[in-house]
Amino acid sequence: MMGRKPRLVGGISIRRFAIVLFIGPSLIDAVDSFTPQIYRRIQRPRSPNEKRCYSAIASGNKYGGIGSLHVEQYNKIALRHPRIAERISFVRPVEEWLNHYLSLSDSDQKKLYSRWPNGVDRVNRIGRERLHEWIAFFLSDTVGLDHSQLRKMLVSRPQLLTYKLSNMQCTASYFREELGLSSKEFGSLLNAYPSVLMYSINDRLRPTVNFLQNECGGGKDNWASWKRVIYSYPNVFSHSLEKTLLPKVNFLCSKETGKSLSLKRSELSQVVAKFPPTLWLSEVNLQSKFDFLSESLGLNRSELRTMIVSYPQMLGLSLENNIMPKMDFFLHASVRGDNRFKEINNSINCGLSKNQLKDFVLYQPALLAYSLESRLKPRISRMQAKNILFSYCPKNIMSYTDEKFDNWMSTQVATWSISE
């Protein structure tokens, strides 16, 4: 008896389709727990038909199909072969699989695709195999990201999915092997600034590292301690060497009278190591802070340089919203005019004179970095309530922990003497 022409699914017979589904580990289960190893195993099928079957169910598209099976085909299979249909239901279009695999929330998906026009189409064009290779690379020991970090990086910079994997592998090798970053340090770098993977090693990454080593004192001999600049502030690579970084070094080290700090190279090294963003803050921004601190505290250039080298993080504070209000608090008997701080008299609310405040700040520049509302005002208010003058307090009083400050306050109230 002549056999009937076999019913076809994706161009192959139902019988062949069913055999492939049930041989070895279920093909359908494998699709959603896909790895490059599984892909290579399935890509060695027993016959060309099996390979076509794999392609039919695993390719995925955006047209409402199951893999490349359209809804009508799936409905026929569900009617005639429910067990097969049950297994097929695990297969998702590529973008749905990616969202599920990385546990992307609705909010994450919205951010990802808003930052990546036509992202859904591009993900489908990339396909599962390339996505798995990409994901496997970032989850490997070479990079060391976990799923949460990978998700954060992908949402932040989805364009990385289209970047050539071999280029990113070369970049990873440069950071890990040539610069000696650990897996944890490299992972921290990628979470902070994933776009670094898209920069040319020879045109951007290596010249910037050479600049840090040769111009800023982070030489090869002490590079182990300078690696922190790379992985804590990787956006240093986003700034032009010729337009931003080198001119900033010239500005900070300028010997021109009345301008800048005239830093020595050893002092520049300390400033950059403690606060790398100094290299990309604008000259106008920096000069306005230099001028304000010099004028309001009566600092000469040497004193200003000493303070900045000791605590360059001060340069990252907003002049209008941070430094000026604190000066107003310490020197409350004052007014502002023309956006400048002008002293009226030497009496201040904290019991300090201008020179005393200068001594406090030179001793501990971080005094100007503490929160005005959370630390400075509450502590000084408590001292004033007990008639304790701030001028007689230890100069590092604001650096005390809450527990140490409470103990100190108790001691002063009990003995009526100011001591450390």
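Things worth noting here:
- Per-residue SASA remark: E256, around 100 Å² accessible (1.4 Å probe; ligands, DNA and RNA not included).
- Extension gain, Y363 back to E133 (0.36 nm per residue minus Cα-Cα distance, nm): 77.3 nm
- Remark: spin-label model distance N202-S294 equals 4.5 nm, labels positioned 7 Å along the Cα→Cβ axis.
- In the complete set of protein chains, residue-level accessible area for W280 is approximately 50 Å², probe 1.4 angstrom.
- Sorted peptide list for 312-322, 352-362, criterion being average Cβ within 10 angstrom, highest first: 352-362, 312-322
- Accessible surface computed residue by residue for the stretch 85-200, with neighbouring protein chains in place and a 1.4 Å probe, gives 46 Å² per residue.
- In this simple spin-label model, placing a label point 7 Å from the Cα along the Cα-to-Cβ direction at both D146 and R265 gives a separation of 4.4 nm.
- Measure of compaction for the stretch 153-264 (Cα Rg per 2.2 N^0.38 Å): 1.19
- Hydrodynamic estimate: the Kirkwood radius of the stretch 181-238 over Cα pairs, inserted into Stokes-Einstein at 4 °C and 1.567 mPa s, corresponds to D of 112 µm²/s.
- Put simply, the amide H of W280, placed in the peptide plane, has no neighbours under 5 Å, leaving out anything fewer than 5 places away on its chain.
- Length added when fully stretched, H100-N322, from 0.36 nm per residue minus Cα-Cα: 75.5 nm
- Given charges at Cβ of Lys, Arg, Asp, Glu: the stretch 347-413 dipole, positive-most of L352, C393, P365: L352
- At q = 0.20, 0.26 Å⁻¹ the log10 of I(q)/I(0) for the stretch 98-177 amounts to -0.92, -1.47, computed by Debye summation with a single uniform scatterer per C-alpha, solvent ignored.
- Rolling a 1.4 Å probe over the protein chains gives K395 an accessible area of about 80 Å².
- Nearest-0.05 FRET efficiency for T162 and S399, computed from C-beta distance (R0 41 Å): 0.25
The values are calculated or read from the model by the stated rules, or taken from the named source; none is laboratory data. Worth saying up front: this structure is predicted, and the values here are computed from it rather than measured. Cβ sites come from the backbone with ideal geometry, for glycine too, and all protein chains shown count toward neighbours. To get the accessible areas, we keep the full protein, side chains included, count just its heavy atoms, and leave off ligands, DNA and RNA. Shrake-Rupley method; radii C 1.70, N 1.55, O 1.52, S 1.80 Å.
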